[in-house]
1. Which residue is nearest to Leu266 (Cα to Cα), if the candidates are limited to the range 578-600 and must be surrounded by 24 or more Cβ atoms within 10 Å (Cβ to Cβ) and among the small types (Gly, Ala, Ser)?
2. So, in the range 454-467, how many residues would count as being surrounded by 24 or more Cβ atoms within 10 Å (Cβ to Cβ) and within 21 Å of Phe497 (Cα to Cα)?
3. Which residues, taken from the range 563-599, are farther than 23 Å from Asp37 by Cα, more than 12 Å from the ligand (Cβ to nearest atom) and either free of Cβ contacts under 8 Å to residues at least 60 places away in the same chain or touching a helix residue (DSSP H, G or I) at 6+ places or on another chain (Cβ under 6 Å) (or both)?
4. Just a yes or no: is a residue in the range 83-94 within 30 Å of Pro213 (Cβ to Cβ), assigned to a helix (DSSP H, G or I), within 12 Å of the ligand (Cβ to nearest atom) and out of contact with any Cys (no Cβ under 8 Å at 6 or more places or on another chain)?
5. Evaluate the range 162-179: report whether one residue or more is within 16 Å of the ligand (Cβ to nearest atom), assigned to a loop (DSSP other than H, G, I, E, B), in contact (Cβ under 8 Å) with a residue 24 or more places away in the chain and within 30 Å of Ala135 (Cα to Cα).
6. Suppose the filter is out of contact with any strand residue (DSSP E or B) (no Cβ under 7 Å at 6 or more places or on another chain) and either in contact (Cβ under 8 Å) with a residue 40 or more places away in the chain or within 14 Å of the ligand (Cβ to nearest atom) (or both); does Ala521 pass it?
7. What residue, of Asn351, Asn370, is outside any strand (DSSP E or B) and either at pLDDT 95 or above or within 16 Å of the ligand (Cβ to nearest atom) (or both)?
Amino acid sequence: MGSRSHSSLILLSCALAIGSAAATNSHHHAVDDSTFDYVVVGGGTSGLVVANRLTENRRNSVLVIERGYFDDKPEAIIPWYANAVDTSVLLSPRSAPNPKLNNATRNVTVAAVVGGATVVNGMGCDRGSKADYDAWEELGNPGWGWDGLLPYFKKSTNFTPPNPDVVERWNMTWDASAYGKGPVQVHISNFQYPDIDVIWEGFRQQPGVTFPPGASSGFGPGAYWTPNTVDARDMTRSTARSAYYDPVNKTRTNLRLVIGQTATKLLFDRGKRLRARGVRIVSSVDGKARNVYARKEVILAAGAVMTPHLLQVSGIGPAAVLKAAGVKVEKDLPSVGANFQDHATVVLWFNLSTPSFPNPDSISNNATYNATVWEEYFTNKTGPIAAANSNSIIYYSLSQVLSSSAAASVASRLLAQDARQYLPSIYSTNSALLRGFKAQRAILAQRFKTNTSSYTTQPLRGNGQSPSPLLKPLSRGSVTLNLTHPESLPVVQYNTFMNPIDEELAVAVVRRSRQYWASPALQKLGPTERQPGVQYQTDKEILDYLKANPLALFASLAHPSGTCAMMPEKLGGCVGSDLRVYGVKGLSVVDASVIPLISGTSLQATVYAIAEKAADIIRARG
Ligand SMILES: Cc1cc2nc3c(=O)[nH]c(=O)nc-3n(C[C@H](O)[C@H](O)[C@H](O)COP(=O)(O)OP(=O)(O)OC[C@H]3O[C@@H](n4cnc5c(N)ncnc54)[C@H](O)[C@@H]3O)c2cc1C
């Protein structure tokens with residue numbers, strides 16, 4: 001993470017320059033009407049997409065309930081801030097202690113702001129491989145494979161290429177046909193640090209590496225120029241808010257967004273079949289509660305941590321948990337909060353003795369450079385402040401991390417495991433959840449043996465930081481009610497390393513990252529390993545180091561997913577491929593919770609595509 005230290009004067013001028021880009025709509029606090037066709041819970045990434053698309057039809061009225069506020073701070077607007085997380089717009093509960101990590105707890109990153117995680121995220125805009133999404137179809141979701149999602153990947157995005165001289169200088173490639181004319185703006189930066197040449201020379205020296213034409217066409221493993229969610233028209237962050245809300249806010253009288261309002265409970269009609277009819281919301285301004293109602297559907301878009309929480313606190317979830325928390329069971333649905341996946345990440349650091357100038361660290365360690373680049377941004381909207389995160393990334397299949405035979409051996413050992421031994425206890429009491437995991441496991445074992453999808457990756461910026469997420473985790477976490485205070489933030493258990501193969505492969509990823517840094521090209525930068533450090537060599541030494549150091553092993557890359565998975569109910573699903581919650585009429589989920597098997601990349605492009613497709617599905621049923 002880059003430092004965010006720069007003078008308050010610069011911050012002030014920054015705020016003056018662009019802080020007025022969108023004024024806070026305080027009049028949106030109140031709800032003066034109580035019945036809408038659709039009530040969307042969560043004005044984040046998926047919620048704003050769905051609200052926008054549904055209100056394209058003037059006859060549909062939509063209310064969006066958002067617990068956060070508008071954020072017009074520089075952090076939410078200037079691309080450079082992608083290198084640090086603005087915690088002021090996050091809820092940051094601590095995770096439950098993890099027995100596999102010496103009972104350590106970790107921060108859980110949950111956005112609470114209009115635009116959701118797209119306002120605070122790292123702005124990487126990648127798609128997984130075709131095989132990652134085809135897995136969703138294989139898990140019983142017709143239409144949700146790569147071919148079914150590609151139109152929505154395109155519909156959501158618009159790509160602006162870098163300048164021709166930049167393209168030529170860096171030999172940049174992309175696949176323009178992978179994008180459409182959508183509202184989310186993506187761009188590969190015109191600004192690259194000189195040592196990016198070394199990074200790419202290093203990529204070329206990796207055995208078996210391929211150079212597919214573009215990061216967004218589902219090729220999987222390979223080295224890519226990858227874009228960020230940057231609006232090249234004014235070099236600002238492109239968010240769900242700027243893409244899907246601001247452009248229609250003034251003209252769509254059928255779209256209402258209320259801010260500072262938290263959905264605390266779903267309201268039901270209990271006729272022959274349970275039906276969601278509305279939502280109880282509580283204002284953070286005056287603490288008052290009121291009910292809002294949906295004629296057609298309540299749509300959950302509160303994200304993969306808060307959507308399962310809202311379902312559970314409303315009586316939809318594992319009956320035993322609900323009863324223990326004193327919540328009336330409306331529908332016993334054990335999948336709510338199970339199947340939790342994120343990308344645990346090992347982070348290596350190298351000290352570089354001979355980096356070129358400038359490099360990503362120059363902004364924080366060279367005051368003159370710092371002042372120059374901020375001025376350049378405000379004057380011309382160019383330079384490193386106009387650039388977000390890394391555009392240079394290499395993805396490896398498991399065979400490229402290990403060897404083909406070792407990857408095949410991992411796949412066999414995975415299939416031979418007694419799955420229940422390495423899963424949360426609910427999988428032992430619920431045969432559908434266990435069947436679903438085994439179906440996922442069979443797919444993962446198959447992917448481990450091929451080069452069709454990625455096991456890990458290195459997004460590199462040209463300094464010594466080298467993060468590598470585990471893109472195909474086998475461990476499964478959970479999100480559950482706090483049993484004594486069900487309405488407070490939920491208990492998030494990452495269960496990182498619950499499956500010992502995850503541990504084994506984390507060590508392999510450390511070795512793979514070291515191998516990259518040992519390539520001849522990288523020696524130009526004079527790297528010495530600072531984290532973990534060369535003294536950690538055996539598997540046990542490396543593993544113990546990772547487990548003891550939260551900065552070397554992130555339990556999460558802020559990619560929570562899977563907690564209300566789209567799968568058949570007999571496989572422990574929570575919603576069907578029509579996104580409707582099993583056993584409840586009038587209730588859909590459209591956010592990262594529905595991802596059945598986490599894709600091998602950062603999630604925002606995927607969530608945008610899911611939400612675009614969700615809007616079409618919901619619209620079609622009228
Ligand atoms: C710090 C961070 C860095 C990331 N970096 C990247 C990256 O570089 N590249 C990438 O592709 N992805 C990244 N991601 C992940 C990606 O942004 C998310 O996966 C995706 O945006 C999630 O979309 P969502 O709709 O599921 O949830 P969100 O966008 O989080 O939306 C949920 C919304 O619901 C609201 N809400 C929650 N509960 C309630 C309630 N009870 N009542 C009312 N409102 C509620 C929240 O305030 C929030 O606005 C990052 C995420 C974070 C947090």
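The values are calculated or read from the model by the stated rules, or taken from the named source; none is laboratory data. Quick caveat: nothing in here was measured; it's all calculated off a predicted structure. Note: ideal-geometry Cβ built from the backbone for every residue, glycine included; neighbour counts use all protein chains shown.
1. Among residues in the range 578-600 that are surrounded by 24 or more Cβ atoms within 10 Å (Cβ to Cβ) and among the small types (Gly, Ala, Ser), the one nearest to Leu266 (Cα to Cα) is Ser588.
2. Summing the residues that are surrounded by 24 or more Cβ atoms within 10 Å (Cβ to Cβ) and within 21 Å of Phe497 (Cα to Cα) in the range 454-467 gives 5.
3. Residues satisfying the conditions are Met566, Met567, Lys570, Leu571, Gly572, Pro596, Leu597.
4. We begin by selecting, within the range 83-94, every residue within 30 Å of Pro213 (Cβ to Cβ); these are 83.
After this cut, where a residue has to be assigned to a helix (DSSP H, G or I) as well, the list is 83.
With the extra rule that they be within 12 Å of the ligand (Cβ to nearest atom), the set shrinks to 83.
Remaining after also requiring out of contact with any Cys (no Cβ under 8 Å at 6 or more places or on another chain): 83.
There is at least one residue in the range 83-94 that is within 30 Å of Pro213 (Cβ to Cβ), assigned to a helix (DSSP H, G or I), within 12 Å of the ligand (Cβ to nearest atom) and out of contact with any Cys (no Cβ under 8 Å at 6 or more places or on another chain).
5. To start, the set of residues in the range 162-179 that are within 16 Å of the ligand (Cβ to nearest atom) comprises 178-179.
Now restrict to residues that are assigned to a loop (DSSP other than H, G, I, E, B): 179.
Pick out the ones that are also in contact (Cβ under 8 Å) with a residue 24 or more places away in the chain and you get 179.
Add one more test, that the residue is within 30 Å of Ala135 (Cα to Cα), and what stays is 179.
Yes, the range 162-179 has at least one match.
6. On the way: out of contact with any strand residue (DSSP E or B) (no Cβ under 7 Å at 6 or more places or on another chain): yes; either in contact (Cβ under 8 Å) with a residue 40 or more places away in the chain or within 14 Å of the ligand (Cβ to nearest atom) (or both): yes.
It is true that Ala521 is out of contact with any strand residue (DSSP E or B) (no Cβ under 7 Å at 6 or more places or on another chain) and either in contact (Cβ under 8 Å) with a residue 40 or more places away in the chain or within 14 Å of the ligand (Cβ to nearest atom) (or both).
7. Residue meeting the stated conditions: Asn370.
Residue-wise test of (1) part of a helix (DSSP H, G or I); (2) modelled with pLDDT under 95; (3) within 11 Å of the ligand (Cβ to nearest atom); (4) within 22 Å of Ser156 (Cβ to Cβ).
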residue	(1), (2), (3), (4)
Gly43	no, no, yes, yes
Ala51	yes, no, no, yes
Asp72	no, no, no, no
Trp80	yes, no, no, no
